[in-house]
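Here the structure comes first, spelled out in structure tokens, and everything after it is commentary.
Values quoted throughout were computed directly from the atomic coordinates according to the rules given, and no laboratory measurement underlies them. Not measured: the values here are computed from a predicted model. In this analysis, Cβ positions are derived from the backbone assuming ideal geometry, glycine residues included, and neighbour counts consider all displayed protein chains.
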Amino acid sequence: MREYTPETITDAVIEQMATTPDPRMKEIMNAAVRHMHAFARETNLTPGEWIKGIEFMTKVGQMCSPARQEFILLSDTMGLSALVNIMHDKTKMEEATGASLLGPFFRENTPKFESGAQIAKKTDGAEVVLYGRVTNVQGAPLANSQVTVWQTAADGRYDIQNGIEEIDCRGIFRTDDKGNYLVRTVRPLGYFIPLDGPVGQMVMTQKRHGMRPAHIHFSLFGRAFAQRLVTQMYFPDDPLFEFDPIFQSVRDPRDRERLISRFDLDATTPEWALGFRFDIVLRGREQTPFEETN
């Protein structure tokens, strides 16, 4: 009978998984086993500590619901989501708007609006005009592209946090023949990531502040592009920008600049709103037209 030791158990597991037919799955699982075993050896992990880890992961799973994805939050706060996106961005051959996280508050049932419509049910004096141009990397406008936006309300909460049936501060728009989009909304607030679950408890135990800079989410499909872009727009001079607990705003300086909107005096109507411009560049080779279904 083969004897397993801390040094031999890793190879034994990988040998047993050698029959995995999918080469990419085999590569990923082999690496996962090697790194998890190395982690256990490096930290001299005890059975009691591993049980606590399992209990934590169990609580993360139990916290997930149609209105909340705690595993995404865990990945975000550990920087893993940001790392995957950064590595993906490094593969691009073209200068374009950088990708960000989909986040735990995206939802499929999003209403469609005409250009310039107000997506917030309550403005409370914090209304903004958000506009920009969607182009390809050559600067050509992408007409009739679908632009999906979602954000917190003026109180710093997403609609889905108030109930699965609530729909507010989110919408689907289309660019015009010049690639322009126009949205009326409210200026979102910086907000704390959900701190009432196991991930929030972890963040507080680590003495991290857990507060995100104000932002608006975008999801785009160009009609001639098969690749989806998910990104986030930030506001200029936000003091939380450099201290994002999910590491989305801290990245390559060129990418950061593309993710920050510009105050635009021409788009500002002083008596009722502030104007911000956020241009978006989609990359990817032209393919069969593909659109989001919602």
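Once backbone amide H atoms are built at 1.01 Å from N, GLN248 has no partners under 5 Å, excluding neighbours fewer than 5 places away on the same chain. The residues ILE246, ILE9, when put in order of fewest to most other Cβ atoms within 10 Å, stand as ILE9, ILE246.
Exposure proxy for GLU127, GLU7: other Cβ atoms within 10 Å of each Cβ, ordered fewest to most, give GLU7, GLU127.
Counting neighbouring beta carbons within 10 Å and listing from fewest to most, the residues HIS217, HIS209 come out as HIS209, HIS217.
Only helices enter this figure: runs of n ≥ 4 DSSP H residues, each worth -39500 (n - 2.57), summed and divided by the residues of the chain, yield -8500 deg cm²/dmol at 222 nm to the nearest 500.
Once backbone amide H atoms are built at 1.01 Å from N, ILE260 has TYR234 as its partners under 5 Å, excluding neighbours fewer than 5 places away on the same chain.
Taking N as the residue count of the chain, its C-alpha radius of gyration divided by 2.2 N^0.38 Å amounts to 1.16.
Toward the positive end of the charge dipole of the chain, with +1 on the Cβ of Lys and Arg and -1 on the Cβ of Asp and Glu, the farthest Cα among PRO198, PHE106, ASN85 is that of ASN85. Measuring r between the beta carbons of LYS52 and GLU166 and using R0 = 45 Å, the FRET efficiency lands at 0.80. In a fully extended conformation the segment linking GLU108 and GLU7 would gain 31.6 nm over its present Cα-Cα distance, using 0.36 nm per residue. Within the chain, DSSP assigns beta bridges of which about 75% are antiparallel (rounded to the nearest 5). Near TYR191, the amide H atoms lying under 5 Å from its own belong to ARG212; only residues 5 or more places off or on other chains count, and H is placed 1.01 Å from N. Coupling constants for region 41-48 follow from the phi torsions by the Karplus curve (6.51 cos²θ - 1.76 cosθ + 1.60, θ = phi - 60°), and in residue order they are 5, 4, 8, 6, 4, 8, x, x Hz; glycine and proline get x. Subtracting the Cα-Cα distance of GLU42 and SER65 from 0.36 nm times their residue separation leaves 4.8 nm of extension gain.
For the chain, the relative contact order works out to 20 percent when only alpha carbon pairs closer than 8 Å and six or more residues apart are counted.
Here the extension length gained between ALA18 and THR268 equals 83.8 nm, from 0.36 nm per residue of separation less the Cα-Cα distance.
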